[in-house]
Amino acid sequence: MENLGSLAVLLAFCLGVYAFLGSLIGGWKNKPYLVASAERSVLAIWFLLTVASAILVTALLTSDFRLAYVAAHSNRAMPTLYKFAAWWGGQEGSLLFWSWLLACYNAVVVLTNRRKHRRIMPYVTAILVATQVFFLILNAFVASPFRVLAVGREVTAVPDGRGLNPLLQYWAMALHPPTLYLGFVGFVVPYAFAMASLITREPGDAWIHTTRRWTLVTWLFQSCGILLGAGWAYAVLGWGGYWAWDPVENASLLPWLTATAFLHSVMMQEKKGMMKVWNMVLVAATFWLCIFGTFLTRSGVVSSVHAFAQSPIGMYFVVFLAIIFAVSVYLILDRLDYLKSEARLESVISRESSFLFNNLILVASCFAVLWGTLFPVISEAFTGEKISVGPPFFNRVNIPIGLFLLFLTGVGPLFAWRRTSLESLKRNFLWPSVAGLSLIAVLVALGVRHFYALVCFGLCLFVAWTIVAEFYKGSRAIRARTGQNWLAAAVELTHRNTRRYGGYIVHMGIVLMFIGFAGAAFNKHATVEVRMGDTFRIGRYDLRVLDLREGDNENYSWQHAVIEVRQDGRPVGTLEPERRFYKASEQPTSEVAIRRRLNEDLYLNYAGLSNEDPSKAVIQAYVFPLVSWIWIGSATLIFGCLICLIPSKTRREYPRTQVVGVVERYAAVEK
């Protein structure tokens, strides 16, 4: 079967080369039959990669240890879920998984655009397939998951495999990589449509609507992937954090920031014909950063708990990144006349300016994170010494940036287009400002002195007030006309313009997450060595060790503590943190115990027995105020994004407004 898998990948590579050439030649020479043939090849590639993936997954599920990949990333004692997750748990398998997802996206694009965008589709297909061919080169010739174990010329098998990395044997980690990949892989679609429109000088903005929808879908997947990763880090790694500014974490954040900027600025192009060059730059940068993030993860350039081992594929990615950069820069510079803006900014106090500031801040944050991530590599290249950049740098730079973005989240949607009057500013922002400042004053009176936390809480109330006010005003108008209750009126309001009110829900999710972020200013931590029966205290909690137990099963041995929790003197339950040692991989992990509440989490990690006194257990205890609001905000953000994807009940048209600086429209340029 492994030979069939290798053959399927090799045939997919050959078809990819044909589809790339057929699409380019068919589009250039106006050969519709050649274009159609290339598009059918895309569907054949999907079928072949599905066959190859099915063979690898079957080998993992049946413990076929003749395959080196299966022996390295699976073992007999692993639960079925994690045997399946081993598909993307290692370098070779995850590259095949990436290729299969890309083939799925490509097939969907071809099938859904058989009668649309026919002028640009040959070039869209060529760009999609070019990316597919790059990954198929890796699958077929560099990192094949179908390599067998052999002694001499004889195929052999090991009795059992090493198993999946124990840190990955957690439900969120079974979902985090595929969800994040769906975001990373999917950004090739907006990029392909954007570059194809430049190649053909496509008149009108039809391609923009397609690009925006695809970007929103992939942004949703990437958001879910990042949030699942944060939840995994919080519950599995044992140090209590959800974001460590790790290089691979940063690599997932970079394209998310530029995609967020694009989703905001694309509205300027749709409604005003502005920021066309900027939007092209953002689309290209987002795709480039997705490939760059994949390069960081797989090349071994940076050290990370998330990264794969040192690998020879890094140079392939460097060449591919250079090609993407060169093609993108050439097309954008060569088509500047096609990208002329139809209007210019009239007032600093306007919705246009808020979008502009929002974009600049997001890109500044992206650059700061990119610089901090690459600084150790750059310093080693120039000085021979790797100088690490830790969380203090990222926090010092990004906390002010995040707070300013939070402020813009509240004010931007309520500014008027073109210019905003003083009366409008007073009407929209007086009471939210009073509420935010009053909350800060109350917190100061209660003894809170952390500056950024105070500002964050005040801004959160300010933004939440503006969002609720928008829903209230719209729902009140519907109630006055229809007599519906408040909930039905709010649902009707949202359905009439899902993009606008879904966006408000996304913003509310961001507000709730920032409440959780601000709680980190008040974290508490204690590390103690305790015997059975000992008591220790952290915050409002008294903790007593009731029992220390140990045991094993066929997958791992374990030790855990049973700890009674008392809050303000009254018993509230027990927690049982655990330490595991996986036999196949010979790696330890922690299973933390968390008492989750809206106001704070009590978080216990069992770090094992003391080196100095084996009768004592080492317990790391944390109190994390408000952290649950991060997960509530995450769910709200995802819900709002899903609302945005629902078609509005009322179709809205936004004719371009004649404003200062109007230039020729696309049609005139084409003539």
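The values are calculated or read from the model by the stated rules, or taken from the named source; none is laboratory data. Just so we're clear, the structure is a prediction, and the values are computed from it rather than from any experiment. Cβ placement follows ideal geometry from the backbone for every residue including glycine, while neighbour counts extend to all protein chains displayed.
Points to keep in mind about this one:
- When Ile478 is tested against (1) over 19 Å from Phe639 (Cβ atoms); (2) crowded, with 21+ Cβ neighbours inside 10 Å; (3) not polar (S, T, N, Q), just one condition goes unmet, and that condition is (2).
- Condition broken by Phe47, with the remaining ones in (1) surrounded by fewer than 22 Cβ atoms within 10 Å (Cβ to Cβ); (2) not in a helix (DSSP H, G or I) satisfied: (2)
- Considered as a group, the residues in segment 540-571 that are touching a residue at least 40 places away in the same chain (Cβ under 8 Å) and more than 38 Å from the chain's Cα centre (by Cα) include one that is farthest from Glu600 (Cα to Cα), and that residue is Leu548.
- Test: residue in segment 437-447 that is within 24 Å of Ile349 (Cβ to Cβ) and either outside any helix (DSSP H, G or I) or polar (S, T, N, Q) (or both): no
- In the set (1) crowded, with 16+ Cβ neighbours inside 10 Å; (2) under 26 Å from Val618 (Cβ atoms); (3) of a type in the set (A, V, I, L, M), Ala526 fails one condition alone, (1).
- Considering only residues in segment 468-503 that are among the hydroxyl-bearing types (Ser, Thr, Tyr) and over 30 Å from the mean Cα position of the chain (by Cα), the one that is nearest to Asn428 (Cα to Cα) turns out to be Tyr472.
- Residues (at pLDDT 90 or above, touching a Ser or Thr at 6+ places or on another chain (Cβ under 9 Å) and not charged (D, E, K, R)) located in segment 554-577: Val562, Ile563, Val565, Pro577
- Scan segment 12-31 for residues that are more than 16 Å from Thr131 (Cα to Cα) and either part of a helix (DSSP H, G or I) or modelled with pLDDT of 95 or more (or both) and the total you get is 4.
- Checking each residue in segment 111-143 for being small (Gly, Ala, Ser) and touching a Gly at 6+ places or on another chain (Cβ under 6 Å) picks out no residue at all.
- Any chance Ala103 is in contact (Cβ under 8 Å) with a residue 12 or more places away in the chain and either part of a loop (DSSP other than H, G, I, E, B) or more than 30 Å from Ile208 (Cα to Cα) (or both): no
- The residues listed here are Arg66, Arg153; of these, the one that is free of Cβ contacts under 8 Å to residues at least 40 places away in the same chain and of a type in the set (Lys, Arg) is Arg153.
- Qualifying residue in segment 44-55 (condition: modelled with pLDDT of 95 or more and more than 25 Å from Arg298 (Cα to Cα)): yes
- Some residue of segment 355-367 being outside the structural domain of Leu253 (by TED's automatic domain parsing) and under 30 Å from Asp205 (Cα atoms): no
- Being of a type outside the set (A, V, I, L, M, F, W, C), part of a helix (DSSP H, G or I), outside the structural domain of Ala126 (by TED's automatic domain parsing) and crowded, with 23+ Cβ neighbours inside 10 Å is a property that holds for Thr215.
- Residue in segment 14-28 that is in contact with an Asp or Glu (Cβ under 8 Å, 6 or more places away or on another chain), of a type in the set (A, V, I, L, M, F, W, C) and closer than 30 Å to Thr200 by Cα present: yes
- Selection from segment 368-397 of residues that are closer than 30 Å to Ser354 by Cβ, among the polar types (S, T, N, Q) and in contact with a helix residue (DSSP H, G or I) (Cβ under 6 Å, 6 or more places away or on another chain): Thr373
- Residue list for segment 175-197, filter: crowded, with 21+ Cβ neighbours inside 10 Å and either among the aliphatic types (A, V, I, L, M) or without any contact (Cβ under 8 Å) to a residue 24 or more places away in the chain (or both): Leu180, Val185, Val188, Val189, Ala192, Ala194, Met195, Ala196
- Listed by position, the strands (runs of 3 or more DSSP E) contained in segment 471-570 that have at least 3 residues being closer than 29 Å to Arg596 by Cβ and polar (S, T, N, Q) are 556-567.
- Filter result for Pro203 (modelled with pLDDT under 90 and within 30 Å of Ala518 (Cβ to Cβ)): no
- Options Ala130, Ala103; residue that is farther than 28 Å from Asn165 by Cα and modelled with pLDDT of 95 or more: Ala130
- Of the set (1) in contact with an Asp or Glu (Cβ under 8 Å, 6 or more places away or on another chain); (2) modelled with pLDDT of 90 or more, all apply to Glu591 but (2).
- Yes/no for Arg162 being more than 20 Å from the chain's Cα centre (by Cα), closer than 27 Å to Lys583 by Cα and at pLDDT 85 or above: yes
- Which listed residue, of Ser341, Ser353, is part of a loop (DSSP other than H, G, I, E, B), in contact (Cβ under 8 Å) with a residue 24 or more places away in the chain and small (Gly, Ala, Ser): Ser341
- If you filter segment 372-391 down to residues that are in a helix (DSSP H, G or I) and small (Gly, Ala, Ser), you find that the one that is nearest to Trp243 (Cα to Cα) is Gly372.
- Of all residues in segment 586-597, at least one satisfies being over 20 Å from Ser628 (Cβ atoms), among the hydroxyl-bearing types (Ser, Thr, Tyr), touching a helix residue (DSSP H, G or I) at 6+ places or on another chain (Cβ under 9 Å) and not assigned by TED's automatic domain parsing to the domain that holds Arg76.
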